[in-house]
Structure formats: C-alpha cells, structure tokens
1. Under 5 Å between amide H atoms, partner at least 5 residues away or on a different chain: which partners does ALA364 have, H built in plane at 1.01 Å?
2. For Rg and Dmax of the Cα atoms in Å, the listed values are (i) 40.5, 124; (ii) 22.0, 77; (iii) 25.9, 89; which was obtained by calculation from the structure presented?
3. Ranked from highest to lowest mean number of other Cβ atoms within 10 Å per residue, what is the order of the peptides 77-86, 453-462, 283-292?
4. For the chain, which DSSP H helices look membrane-span-like by this rule: Cα extent along the axis of 15 Å or more and mean Kyte-Doolittle of at least -0.5?
5. Could you report the accessible area of TYR374 in Å², rounded to 10, computed with a 1.4 Å probe on the protein chains as they sit in the structure?
6. Using helices alone, what [θ] at 222 nm do you get for the chain, with -39,500 (n - 2.57) per DSSP H run of 4 or more residues, divided over all residues and rounded to the nearest 500?
7. For VAL308, VAL115, give me the order by solvent-accessible area with a 1.4 Å probe, most accessible first, ignoring ligands, DNA and RNA.
8. Could you compute how much accessible surface ARG403 exposes when probed at 1.4 Å, giving the result in Å² to the nearest 10?
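The values are calculated or read from the model by the stated rules, or taken from the named source; none is laboratory data. None of these values were measured; they are calculated from a predicted model. No Cβ is skipped: glycine too gets one built from the backbone with ideal geometry, and neighbour counts run over all protein chains shown. Ligands, DNA and RNA are stripped out before the accessible areas are found, and what is left, the full protein with its side chains, is counted by its heavy atoms. Shrake-Rupley method; radii C 1.70, N 1.55, O 1.52, S 1.80 Å.
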Amino acid sequence: MKERGKGTDRSVDERYSQWKSLVPVLYDWLANHNLVWPSLSCRWGPQLEQATYKNRQRLYLSEQTDGSVPNTLVIANVEVVKPRVAAAEHISQFNEEARSPFVKKFKTIIHPGEVNRIRELPQNSKIVATHTDGPDVLIWDVESQPSRQAILGAQSSRPDLVLTGHKDNAEFALAMSPTEPFVLSGGKDRCVILWSIQDHISSLAVDTASGKSPGSVSANSKQSSKVSGTNEKPMNGPSIEPRGVFHGHGATVEDVTFCPSSAQEFCSVGDDSCLILWDARTGSSPVVKVEKAHNADLHCVDWNPHDVNLILTGSADNTIRMFDRRNLTSAGVGSPVHTFEAHSAAVLCVQWCPDKTSVFGSSAEDGILNIWDYEKIGKKQEAVGSEAPSSPPGLFFRHAGHRDKVVDFHWNSSDPWTIVSVSDDGESTGGGGTLQIWRMIDLIYRPEEEVLAELDKFKSHILSCSS
C-alpha cells in the first residue's frame with residue numbers, strides 16, 4: 001500500500017495550469033501550503049475561535065521524514081476564511097513553493113515511527129489516534145502533550161495510551177466511533193480489533209486538570225515498555241488490551257469504519273477484495289462477508305452518517321462503489337447500488353459530506369479529488385472543473401489542485417463545504433507535499449432555483465457589463 005502511486009501523467013502540468021486559471025471562478029476560498037515533508041494524513045480538530053471574517057481551527061498533520069530528523073505529529077492552527085469573504089483575485093495568487101499565511105504550526109509531537117494515519121475522537125477531537133509502522137495504535141491528548149523540537153536523536157514523545165493486540169504491523173486501517181470512545185483498527189495480521197478507551201479518556205481529563213504528565217497510568221491499564229516500528233523508543237505509556245478481535249479477512253485489512261449509530265457495528269475492507277460487516281454483540285465472525293466487492297484490492301470505506309444503509313468503498317480498480325447494507329450481494333458477489341467511474345488510478349480515500357446525505361468525495365493516485373452527488377445520477381449535468389464535454393454520472397466537481405497522488409482529505413464538520421486535502425508530491429516535485437484548504441463557490445452546490453433567483457438580481461448589471 002505504501003508503494004501506491006508510482007509515475008505521473010505527462011499532462012499533469014498542463015492540467016494544473018488550466019485548473020489554476022479557473023480558481024477565481026470555481027472557488028470561494030483556497031489556501032495552498034507547501035510541506036517540507038509529506039503528510040500521509042490530514043484531519044480537522046476542534047474549532048477554537050469565531051471572528052467576523054474567519055474562524056480559527058486546529059488541524060492535524062504529520063511529517064514523514066527521511067530519517068535525518070524524527071517523524072512528527074503536527075498540530076497546526078488554521079485561519080479558515082468565512083464564505084463570501086475572500087476576493088477572487090487574491091485566492092489564485094499563491095506561490096506553489098511557499099507556506100500559507102493561513103496555516104501556522106502550533107505544536108510538534110515526536111512520533112515513535114512513521115505516522116501513516118491520524119483519526120480524531122468525534123466526541124472530543126483533542127484526543128487523537130495514530131497508526132505507525134508497527135502493530136500498536138497510539139492515543140494522544142494533543143492539548144496536554146508538550147511541544148518538542150524535532151532534532152536528530154531526540155527521544156520520542158510518550159503517548160497517553162498504547163492499544164495492543166495486533167500480531168503484525170497495522171499501518172492504515174483506523175477509525176474512532178462517533179457514538180462512544182471506541183477505537184477500531186485493521187492490519188497485516190488480517191484481524192480487525194476493537195478497543196474501548198472510555199475509562200482512560202475520563203482519567204486523561206482528570207490527569208490533565210491535575211497537572212500529571214502524559215502517560216500517567218489509569219485504571220485497568222498496564223505499562224507498555226515500547227512500541228514496535230523503525231524508531232523503537234521506550235514509551236512507558238499505559239496499554240490497553242482489545243475488547244474484541246475479529247477474524248474473516250484473507251489478506252491485509254486496509255480500512256475500517258464504524259456504523260454512525262452504533263459503536264458495536266462496523267465494517268472493514270482489505271486486499272482480499274472483501275467488504276465485511278461486523279457486530280461485536282454477536283461474536284467475532286462476520287455478519288455479512290461480501291466477496292468480490294471490487295475487482296481488485298479495496299483501499300477505503302466510509303459509512304453514510306445520515307443514511308446508515310449506505311456504505312462507500314474505493315479500490316485499486318479505480319472505482320468507487322456504493323452499497324446498500326440491506327442488499328449487499330447477488331449470486332454470492334458484491335452487488336453495488338452504483339459504481340462511480342472518473343478516476344484514472346487507484347482510489348485512496350472516500351468520505352461522505354457531513355452536510356448533505358447524497359454528496360461524497362473521493363481522492364486517488366491520479367491527483368484528483370472528485371465530489372459526487374448520487375442524486376444527480378440520471379440527470380443531465382456537466383461536472384465543474386472537468387475538461388470532458390460530458391461527465392460521469394453523479395460527478396459534479398473536480399478539484400485538480402494537486403499534482404500527485406491525493407493521499408487523504410477531510411470535510412470540515414464545523415464549516416461543511418470546506419475541505420482539507422494533502423498530496424504526497426515525491427514523484428512529481430522531488431519531495432515534500434502540498435496541503436490545500438478549499439471551498440468551492442456556493443453557486444455550484446446550492447439548489448438550482450435558489451442560485452437562479454440570486455443571479456436574477458444581478459441580471460441588469462451583467463447585461464450592461466457585456467454591452
């Protein structure tokens with residue numbers, strides 16, 4: 001999975017130039033931030049402050065280094081400009097090699113090993129889980145962790161909790177439940193593992209208030225001496241054993257997600273081309289196993305927060321499939337409601353929009369982040385930002401601001417049409433990565449009648465300009 005995305009299209013620069021020329025027309029706001037080191041994950045944290053023209057919010061990133069300095073988990077503060085505030089001519093005037101004035105590093109945590117995946121606890125987004133290049137899941141209270149200077153030889157920061165149970169490396173599949181403080185992980189050992197951090201979260205809050213340092217042992221946990229991985233360092237954080245270990249995959253588990261309404265129900269996808277639904281209340285075997293959910297490895301999965309029947313999967317076969325959990329298979333193989341085709345390379349990330357039931361995003365090794373609306377299937381349409389005269393069914397926006405594989409993106413639940421996306425630019429620009437925070441212009445996604453009514457007010461002005 002780490003080797004995904006080799007090679008780039010010759011027309012990438014041409015496509016990028018065309019995209020940049022359209023930025024003032026297509027976007028309400030865009031911030032471009034050049035990263036010294038690639039980040040394989042990007043996640044929104046809590047909103048800190050609201051002001052007249054912008055809001056301040058935490059953002060979680062990582063630094064995947066070459067070993068000359070330690071790998072880090074980065075906590076940044078982002079100034080998110082509010083809708084209809086930024087001037088069109090300003091948002092397109094950025095230098096690709098520069099840092100964005102809207103993104104400021106706030107704290108650095110020296111991470112034991114690589115940071116392959118970051119996930120925040122929805123009920124308390126200052127609690128973060130990370131996957132590394134080892135079997136353990138690390139839990140961090142990012143507010144109480146001290147900021148460290150990432151210099152060669154510096155000892156790793158100590159996680160607040162270490163979740164043990166995997167027998168082999170668990171690098172990508174990671175989720176935290178929206179309903180209870182439960183953590184889910186999958187790995188090379190073909191297992192899906194569930195933990196509860198309920199008791200430990202409450203003790204972390206108490207420890208922080210009483211001034212105890214991170215890693216103070218809470219009830220029902222024991223000391224862990226180290227975490228496996230390339231940067232093995234003594235850790236001394238309390239460890240938690242699994243609440244459940246689930247067997248059913250025939251190859252590496254690549255992604256996991258919780259049912260939005262229950263911490264006991266979840267699903268997983270893997271390199272065995274299977275989508276599996278689980279229920280912790282009924283035992284450790286699959287509830288439903290969908291063989292051949294795609295025609296290749298599955299890389300990602302997401303469960304619709306507004307309609308618990310709908311599940312998205314993304315695959316190395318370049319497609320996204322939408323499944324209805326009431327009718328997952330036909331003749332023993334996966335039977336999707338719809339297959340979405342617009343990417344020209346493996347799909348790496350899918351996520352439902354927090355604001356609208358039928359909308360979701362997908363990012364891939366082709367450097368494109370597509371926004372889809374399944375309600376538009378069957379209706380005449382053309383995707384904004386697409387060069388093609390007729391667009392694939394359901395596609396309505398193409399974000400082409402990255403020049404290499406888009407490894408992660410995250411919708412902002414505090415500002416629902418604002419997205420953060422990150423690309424690993426090692427193949428195309430000689431290292432580093434690009435972080436973009438962007439919001440398409442609202443005329444694209446608002447109801448058509450509403451948009452036409454608004455534009456009608458400016459009709460006479462537009463006509464006088466054209467004459």
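1. Residues meeting the amide H criterion: LEU348, VAL406.
2. Matching entry in (i) 40.5, 124; (ii) 22.0, 77; (iii) 25.9, 89: (ii).
3. Values: 77-86: 17.7, 453-462: 9.9, 283-292: 16.0.
In descending order of packing, they fall as 77-86, 283-292, 453-462.
4. 12-26, 198-210
5. 50 Å²
6. Details: 6 runs with 54 residues, N = 467.
After summing the helix terms and dividing by residue count, I get -3500 deg cm²/dmol.
7. Values: VAL308 45, VAL115 0 Å².
Of VAL308, VAL115, the descending order of accessible area is VAL308, VAL115.
8. 50 Å²
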